[in-house]
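Have a look at the structure below, then the notes.
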Amino acid sequence: MRTLVKVLISLFMFLLAVFIVGPLVWLASRAFAAEWRYPDLWPTGFTLRWWRVVVDDPMVVVALQNSATFASLTVLISAAICLPAAYAFSRYQFPGRRFMLVALFAVNAFPKMGLFVALASLFYALQLMQTVLGVLIVHVLGTVVFMTWIPAAAFSAVPRSLEEAARDAGAGPFRVFWSVTLPMALPAILVAAIMSFIASWDEAQGTYLVGAPDYMTMPTQMYSLVLNYPSQVSAVFSILLSVPSAGLLLLVRKQIMGGQLAEGFQIK
Amino acid sequence: MTTGLQLEGLHKELGGRTIVENLSLDVATGELVCLLGPSGCGKTTTLRMIAGFLEPESGRVVVAGHDVTSLPPEKRPSAMVFQNYALWPHMTVTKNVAFPLRLAKRPRAEIAERVAKVLELVNLTHHKDSRPGRISGGEQQRTALARALVQEPAVLLLDEPLSNLDAKLRVRVREDIREIQQRLGITTVMVTHDQDEAMAMADRIAVMNDGRIEQVSSPQELYSDPQTEFVATFVGSLNKVEGRLEPHGLTPEAGLTSAIRPEAVAVVPASSDGALDAEVVRVTPHGHFAEVKVKTLGEVELVSFVTGPPPAEGDQVGVRLGEVWRFRDGKRVR
Ligand SMILES: Nc1ncnc2c1ncn2[C@@H]1O[C@H](COP(=O)(O)OP(=O)(O)O)[C@@H](O)[C@H]1O
Ligand SMILES: [Mg+2]
């Protein structure tokens, strides 16, 4: 009986692994496949040709630069705006606090396209279409939830007495935030920053609507590449798109598991 | 000489309730005063008003002659040891202790010297590079103490400094704290709900009840001459009887409570001179003494501490009464 359960569990885990890893393997092999047509189980030969097609395309290089710039700027701007808000949410009671917290979440719950279309008409009026600022606003909007909710929870997890002890030691309110609250919430803020970076890196719909054709990023560039080249190119592109995201997620994982966040709660 | 700390008519309301009511207290320079009282009586609230975390509705806090009532905590010359120590987990022991001096913009060399000295004082030099999460509760407690002492504060505030330590450690640490406090001659207010702790450490004890101070006295006087029924009951053990208890018996008297410490009740052989006849109801051994409960013919139950060989349950004995206190409306009367 026990062995049967074990076998079933192993089988289940195997299927789960196939389900998760299978498409990735398929994607990876596709990116190197010379020729791969329907009934074949395996591609006929491998090549780096598709990588060259992508890398040699000057549009792609520009898109890569744009993506990196937008994502970095988005994280900085989002942090500058949202971290103070997150602190306020965690430390102060003010009218409308609950409503605003839920509203932030609701923005992400609605279909994005509807929001962007509404935004677009506003942007036309404000002459923000096809501008860097317009694209940045769209990107920052998509990160507000991460940059507010995650740090707010982290700020709340910093015991008041630790802040009070700093006041008692002679620190003014700003110094307390800088030397105690912020460092203690830093692992969570890093997580939020990385999730924001990934969100910005992956943002396509709004960027296309507001930025195209002047400001193309990796995901928006992908639309045109996918239409103009064989499917192997999109596989290459997918990998290029997901490598930074995957790498950053691994980084986050380490921060969460072994960081000071865990240590902070060990005080006896 | 100016008084180390003066509290003048402090009044504090929280959540629509009066928590501290017209509280006044003088602490001499270099003196250790304990705020002793049951949980919820307003001790921490009082301490937080001294530290500056709470602003009183009325009253003043005066430190070494300077009115600090309107100053925020960072501008006050007091340093507090928090009940849960409140060490910063992302800083080492050294960094924790150095932080107040860095805030005060002391020169680097002076900081290093003062931190090293205070860590030696609290015997933590071997842990100077450890994170607070990696050291024991007692060591965390000493780190918190070092962080307060390094500021050379005019007033040291301790909120239940021993409550998170295990019983064995507690006795040793309270001696250590008292020793350091006396050596440095530092004016100290300590909060505790533990009478043994207060008795062992304080120059004077202020017993608090329901937001007010009931009595401020030396530990000895508090025990042997309590001014209110609350103090008599809260400090030490007490036999309480309704009516007027006298060496020859009990006379009913409305509104009067008589009280006598178990040490003042002597169990003597039956029909001794000037003793009340009684029967032993229960004997509870405590090692070096026994708690003997007797019942007199007038149905008065009294507990006595017997150090010699105790009588057996059911024995007929005599009880001789020492000093009896009488209280009316909670106040001591003749
Ligand atoms: N922020 C607050 N709001 C409302 N009531 C409070 C607040 N802080 C403390 N109290 C109440 O004040 C009383 C005294 O608290 P405290 O000073 O912490 O007592 P102690 O330290 O003597 O145990 C308690 O009944 C507590 O519930
Ligand atoms: Mg308390």
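Every number in this text was worked out from the coordinates using simple rules, so none of it is lab data. None of the values given here were measured: they were computed from a predicted structure. Cβ placement follows ideal geometry from the backbone for every residue including glycine, while neighbour counts extend to all protein chains displayed.
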How long is region B:71-188 along each principal axis, judged by its Cα atoms, biggest number first, in Å?
-> 40, 30, 26
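Filter the cross-link list B:43/B:75; B:95/B:168; B:105/B:128; B:43/B:293; B:12/B:168 down to pairs whose alpha-carbon distance in this structure exceeds 27 Å.
Numbers: B:43/B:75 22 Å; B:95/B:168 29 Å; B:105/B:128 21 Å; B:43/B:293 34 Å; B:12/B:168 36 Å.
Over 27 Å apart, Cα to Cα: B:95/B:168; B:43/B:293; B:12/B:168.
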Which value results when the Cα radius of gyration for region B:122-165 is divided by 2.2 N^0.38 Å?
-> 1.18
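When the Kirkwood hydrodynamic radius is evaluated over all pairs of different C-alpha atoms of region B:234-289, what value in angstrom, to one decimal, is obtained? Don't jump to the answer; show the numbers that get you there.
Working: mean 1/r = 0.0750 Å⁻¹.
Evaluated on region B:234-289, it is 13.3 Å.
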Can you pull the three principal axis extents for the Cα set of region A:89-189, in Å, largest first?
-> 53, 26, 26
Kirkwood hydrodynamic radius (C-alpha pairs) into Stokes-Einstein, region B:121-244, 20 °C and 1.002 mPa s, D in µm²/s | 131
Relative to the longest principal axis of chain B, what angle (0 to 90°, nearest 10) does the C-alpha long axis of helix B:167-184 take?
-> 60
When all C-alpha to C-alpha distances in chain A are sorted into bins of 10 Å, what percent of pairs does each bin hold, rounded to whole numbers?
-> 6, 21, 26, 23, 16, 7, 1, 0
Using all Cα-Cα distances in region A:18-173, what percent lands in each 10 angstrom bin from 0 up to the longest?
-> 9, 21, 23, 21, 16, 7, 2, 0
Helix axis angle, B:93-103 relative to chain B longest principal axis, alpha carbon, degrees | 70
To the nearest Å, what is the center-to-center distance of region B:10-29 and region B:258-285, using C-alpha atoms only?
-> 42
Given C-alpha coordinates of region A:1-47, what is the ratio Rg to Rh with the Kirkwood estimate of Rh?
-> 1.26
From other protein chains only, count the Cβ atoms within 10 Å of every residue's Cβ in B:66-79, then give the mean.
-> 2
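Rounded to the nearest 20 debye, what is the charge dipole size of chain B about its Cα centre when +1 sits on each Lys and Arg Cβ and -1 on each Asp and Glu Cβ?
Result for chain B is approximately 1620 debye, rounded to the nearest 20.
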Could you pull out every residue, at least 5 positions away or on a different chain, whose amide H is within less than 5 Å of the one on residue B:268? Hs are placed 1.01 Å off N in the peptide plane, and Pro or chain starts have none.
-> B:318, B:319, B:320
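Find the Cα radius of gyration of region B:47-107, compare it with 2.2 N^0.38 Å by division, and give the number to two decimals. Please report the intermediate quantities before stating the final value.
Numbers: Rg = 13.7 Å, N = 61, 2.2 N^0.38 = 10.5 Å.
Against the empirical 2.2 N^0.38 Å value, I get 1.31 for region B:47-107.
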Averaged over B:84-94, how many beta carbons belonging to a partner chain fall within 10 Å of each residue's beta carbon?
-> 6
Quote the FRET efficiency, to the nearest 0.05, computed for residue A:44 versus residue A:228 with a Förster distance R0 of 25 Å and r equal to the Cβ-Cβ distance.
-> 0.60
For the protein assembly as shown, just the Cα atoms, rotate onto the principal axes and tell me the three extents in Å, largest first.
-> 118, 72, 49
Per-residue HN-Hα couplings for region A:81-97, Karplus 6.51 cos²θ - 1.76 cosθ + 1.60 at θ = phi - 60°, whole Hz, x for Gly and Pro?
-> 7, 7, 4, x, 4, 4, 5, 4, 4, 7, 10, 10, 9, 9, x, x, 4
Mean-square fluctuation maximum in Gaussian network of chain B, Cα pairs under 10 Å, restricted to B:311, B:153, B:38, hits B:311
Go through B:174-183, A:181-190 and give me the packing order, highest mean Cβ count within 10 Å leading.
-> A:181-190, B:174-183
Can you pull a Stokes-Einstein diffusion coefficient for region B:239-333 at 25 °C (0.890 mPa s), Rh from Kirkwood over Cα pairs, as a whole number of µm²/s?
-> 182
Aspartates and glutamates whose Cα lies under 20 Å from that of residue A:112, excluding same-chain neighbours fewer than 8 positions away | A:202, A:203
Would you kindly derive the ³J(HN,Hα) couplings of region B:319-333 from the backbone phi angles with the Karplus curve 6.51 cos²θ - 1.76 cosθ + 1.60 (θ = phi - 60°), listing them in order in whole Hz, with x for Gly and Pro?
-> 10, 10, 9, x, 5, 10, 9, 10, 10, 10, 6, x, 9, 5, 10
Computed ³J(HN,Hα) along region A:183-193: with the Karplus parameters 6.51/-1.76/1.60, θ = phi - 60°, integer Hz and x for glycine or proline, the list is x, 6, 8, 4, x, 5, 5, 4, 4, 4, 5
For peptides A:104-115, B:184-195, B:126-137, sequence by mean Cβ density within 10 Å, most packed first | B:184-195, B:126-137, A:104-115
Give me the angle, in degrees from 0 to 90, between the Cα long axis of helix B:137-149 and the longest principal axis of the Cα atoms of chain B, rounded to the nearest 10.
-> 60
Region B:1-106 pair-distance distribution - Cα-Cα, 5 Å bins, rounded % = 2, 11, 19, 22, 18, 14, 9, 5, 0
Once you have a ≥ b ≥ c as the square roots of the Cα gyration tensor eigenvalues for region A:147-226, tell me rounded if a/c is under 1.5, and otherwise prolate or oblate according to whether a/b is larger than b/c.
-> prolate
Run the dipole for the protein assembly as shown about the Cα centre, Lys and Arg Cβ at +1, Asp and Glu Cβ at -1, nothing else charged, and hand back the magnitude in debye, nearest 20.
-> 2100
Base-10 log of normalised Debye intensity for region B:3-234 (one unit scatterer per alpha-carbon) at q = 0.09 Å⁻¹ = -0.36
